[in-house]
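Bear in mind that the values in this text are calculations on the coordinates, not laboratory data. These numbers come from a predicted model, not from an experiment. Every residue, glycine as well, gets a Cβ built from its backbone with ideal geometry; the counts of neighbours run over all protein chains shown.
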Amino acid sequence: MSGCSRACTVAFQAPGKHSYLFGDLTPVAGLAEQVLACARLHADAPDGTLARGERPEGLRNGILAKLPPTLAPSLP
């Protein structure tokens, strides 16, 4: 993910949805649960949009990239 210098890094990606790359996350107690909660939000959002105010506290900052859904169909 090319986030080596921005550890702790996590990404969310799914077909037809916005992709997100977060970096510089602070590895504190409860962050793993927040990442999983944010992954659920991404999975449940029709286009993958993660509104800042709806994301868990640990992922409200640190967005390194938000990419639009791909336009090309995925290959089998």
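Only one of these is more than 10 Å from the chain's Cα centre (by Cα) and surrounded by 15 or more Cβ atoms within 10 Å (Cβ to Cβ): 15, 56, 46, 27. Name it. Step through it out loud before you land on a result.
Working: 15 fails: surrounded by 15 or more Cβ atoms within 10 Å (Cβ to Cβ); 46 fails: surrounded by 15 or more Cβ atoms within 10 Å (Cβ to Cβ); 27 fails: surrounded by 15 or more Cβ atoms within 10 Å (Cβ to Cβ).
Of 15, 56, 46, 27, the one residue that is more than 10 Å from the chain's Cα centre (by Cα) and surrounded by 15 or more Cβ atoms within 10 Å (Cβ to Cβ) is 56.
Tally the residues that are touching a residue at least 24 places away in the same chain (Cβ under 8 Å) and assigned to a loop (DSSP other than H, G, I, E, B), restricting the search to segment 14-45. Spell out how you get there, then give the answer.
Going residue by residue through segment 14-45, those that are touching a residue at least 24 places away in the same chain (Cβ under 8 Å) are 14-26, 28, 30-31, 34-35, 38-39, 42-43, 45.
Narrowing further to those that are assigned to a loop (DSSP other than H, G, I, E, B): 14-18, 23-26, 28, 30, 45.
The total comes to 12.
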